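Each reported figure results from applying straightforward, stated rules to the coordinates on display, with no laboratory input. Predicted model only: the values in this text are computed from it and were never measured. No Cβ is skipped: glycine too gets one built from the backbone with ideal geometry, and neighbour counts run over all protein chains shown.
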Amino acid sequence: MKWTSYPLARIGIFFIGGILMEPLLPDISTCTLLVICLLYFSLLFLAKKELNLPVIQSFLLLAFSFVFGLYVHEQKNQLIQNARLPDKYLKIQCIVEKDVVKKTKYKTIADVLYFHDERGDKINHKIRILLYFDIKDTIVKTYKKGDIIYVEGKINNIFNNTNPGAFDQQKFYKNKGILQQVFVKIGNHQFLGQNVNGYLTTNILNIRSFWNLAIQHFIKEPERRAIIKALLLGDQSEVENELFQSFSQTGAIHVLAVSGLHVGAVLYIFVLLFTSCKKRWIHIFFKPFLLTFFALSYVILTGASPSVIRAAIMFGMVIIGKEWFRNSNTINILFVSAIWMLLYDPYYIYDLSFQFSYLSLLSIILLQPQIKLWYIPVGKGTTYIWELISVSISAQILVFPLSVYYFNQFPVYFILSNIVAVPMAIFLVYGGFFIPLMFQLALDIGHTYAFLYSELTGILIYFIQKIQHLPGALIKNVLIDFYQVLIWYVAIIYLLIYGVTKKSIHFYVFMGLVFLGSLPFYARDIHYIQQKGIFIYESKKGHIIDFVFGKTFLVLKHEGVSQQTEEFTASKNRLMHGAERLINIRDSLNYSSLFFKKEKQDINFCGLKIYVLAENRNVEIESSEVDYLLVGKGNKCKASFVLEYIKPDTIFLLSSVEKYKKESWQICAKEDQIPLIDLTERGFYKIKAKEAWSN
């Protein structure tokens, strides 16, 4: 394998590098960088004319690709920032971009068409916004993708909570080009009509609606219906979190997201139609266009998610490349499709499905032919199974470091789950195309077919859940940082080089990098043992406080905080600090250990005296001097009364404290000259113990 054989891959790597580096570089014009880059290489060429001209040209091209990546990302940033809506109460007309999702509120994404300003003037405006509706608002359930609606409400920026490692909502939506949100009250929205689509799109969407109706009619079990809708329509809204986790923790989650697997399976049927045709001109002219048409139709039919659009583009380019350019290289074509998509929207690079799909495809192209040679099967059945195994192994190699980095877990039995899940998913996709036909015929055979189809779906679910509960099925709580990811990728590259050259030096470098990538695990473990301190989390539901002593975390939380809320708020930070033992302490009970003592509301932890004032009940307050007074949600005591007895060095208003109580505490603290830290604005806070604290 020669590096020179992949010119477009080289350009793509430097272009992607420029996109990724733009947020990390100082605020400098990319045009200036481009001029500096060109000037430098021009002077270098003039000063040393004996240098190889092709080499200089190659360096210039790669430098330009990198700078162009910077420029594309910078322009996207400016476009989004300049398109912000005014932070005011506005009346907006928009198009629903995604079907409404029901969680604690109804939520959807919409494309703004225009809004009315204070004078009532209509102002055209193009931007994506996030819409939230009240959970009791029944009208919202009728809104579908493509509906034109009127909404009014206050425009707010999307803010992020401050808990370390928690879901970064602001970054997540910014990477989708969304910076603002609107909370729409009941009665402040209205359906105006449907967006006018082209003839082809309209008919395909009608087929999608009919397909959905047929599934609703035939498949009565909610769990199975949810899986079928995810497989056939790309609609995961009905998949419960527990079922979603079953697929995720077994390494089979990719079968639920309509992507390359599904597009490839559908196009394979149409490719077979051309196998018997020997006329070259048909393959050159008709085959690429017909397959592209079918791919486009399937994209619309399955909801036009980014993953299926990306897969269709990749397959389309591969087909055109192979038919029009017989000597084209698949890796070059793969990078061309990536460049094309990133030119359209450079924020795709932050999409996890984009990263995983391209890395897995690249991994399969590079490694599967080598892994396939590990074993020579006998018979068609064995050959098919080994093909699946070799593809599953190769797909995971380049994805593995990034997957562990994002999800802190690794499914051990991913090969076993994919051997069954992949062929069953493909079979269900093929079989799903007959469901609308059976619904149209309205015969008993339709119900029989739907019953068998539903049972097959049930077998898939049963199999996945069985694998999920096998001993050691999931390696959890694996924390790696970005530098470890880079080291592991370099190690993989050296392992690949060793596989080609068979030189021992490359294997020794690989082993050295593996050792180097493992060192942070031991270093962090030493820090975990020494750490002592207090974590106060940002939580509107009620206080969540961790008293940390080594790897033991004593958890004090408000009675109104659910287990789900606690995990969402604190689990990643606990993982980042090596929590191995969690001990829950009720506010209403006393507790004592070697380093922690709680009597009523008084807490003594590692030399710190703390008083926690929270919960919906009156408390008996006794005179005492404390280091910290923590004021949370639900306490019924007045600030002036409390401060007559409790003499704190510092007052903390927890993020859950009611707004109407903040002012009285602020006034009293100012009068008594007590430092007050408002965590309703500051968010997450860490208090150091009087003994050593290690981050």
Select from 537, 550, 606 the residue farthest towards the positive end of the dipole of segment 532-688; place +1 on Cβ of Lys and Arg, -1 on Cβ of Asp and Glu, and compute about the Cα centre. 550
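Give the calculated FRET efficiency between residue 57 and residue 343 to the nearest 0.05, with a Förster radius of 22 Å applied to their Cβ-Cβ distance.
With R0 = 22 Å, the Cβ-Cβ based efficiency is 0.50.
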Residue 134-residue 244 pseudo-label distance in nm [points 7 Å out on the Cα-to-Cβ vector]: 2.6
Rounded to the nearest 500, what is the chain's calculated 222 nm mean residue ellipticity when only DSSP H runs of at least 4 contribute -39500 (n - 2.57) each, over all residues? -17000 deg cm²/dmol
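With +1 on the Cβ of every Lys and Arg and -1 on the Cβ of every Asp and Glu, and nothing else charged, how large is the dipole of the chain about its Cα centre, in debye rounded to the nearest 20? Mind showing how you got there, number by number?
On the way: 71 positive and 53 negative charges, 309 e Å.
That gives the chain a dipole magnitude of about 1480 debye.
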Once residue 192 and residue 382 are pulled to full extension, the length gained, defined as 0.36 nm per residue separation minus their Cα-Cα distance, is 62.6 nm
Highest to lowest packing among 151-158, 79-86, scored as the average C-beta count within 10 Å: 151-158, 79-86
I'd like the per residue volume of the convex hull spanned by the Cα atoms of segment 458-511, given in cubic angstrom. 148
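Could you check what % of the DSSP bridge pairs in the chain are antiparallel, to the nearest 5? Present the calculation step by step, with values, prior to reporting the outcome.
Working: 61 of 85 bridges.
Restricted to the chain, the bridges split so that about 70 percent are antiparallel.
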Taking all pairs of distinct alpha-carbon atoms in the chain, Kirkwood radius in angstrom: 29.6
Report, in cubic angstrom per residue, the convex hull volume of the C-alpha atoms of segment 89-196. 105
Other-chain or far-sequence residues with amide H under 5 Å of residue 113's (modelled H): 93, 94, 95
Checking a compactness column here: for segment 315-443, what do you get for Rg(Cα) / (2.2 N^0.38 Å), N being the number of residues? 1.30
Whole-Hz couplings from phi, Karplus 6.51/-1.76/1.60, listed for segment 168-179; x for Gly and Pro: 8, 5, 4, 5, 4, 7, 4, 5, 9, x, 10, 10
Dipole of segment 183-266, positive end: most advanced residue of 247, 261, 205 [Cβ charges, Cα centre]: 205
Pairwise FRET efficiency - residue 370 versus residue 583, Cβ, R0 = 60 Å, nearest 0.05: 0.75
Residue by residue, what Karplus-based ³J(HN,Hα) values in Hz, rounded to whole numbers, does segment 639-652 have, using 6.51, -1.76 and 1.60 with θ = phi - 60° and x for Gly and Pro? 4, 4, 5, 4, 6, 6, 9, 8, 10, x, 6, 9, 9, 10
Would you grab the residues whose amide H sits under 5 Å from the one on residue 627? Only those 5+ places off in sequence or on another chain, please, with H modelled 1.01 Å from N. 609, 610, 649
Convert each backbone phi in segment 108-121 into a coupling constant with the Karplus relation 6.51 cos²θ - 1.76 cosθ + 1.60 (shift: θ = phi - 60°), then list the ³J(HN,Hα) values in order as whole Hz, x for Gly and Pro. 7, 10, 9, 9, 6, 9, 6, 9, 9, 7, 4, 7, x, 6
Stokes-Einstein, Kirkwood over Cα pairs, segment 482-528, 4 °C, 1.567 mPa s; D in µm²/s equals 116
Listed highest first by mean packing, meaning other Cβ atoms within 10 Å per residue, what order do 571-577, 100-106, 14-20 come in? 14-20, 571-577, 100-106
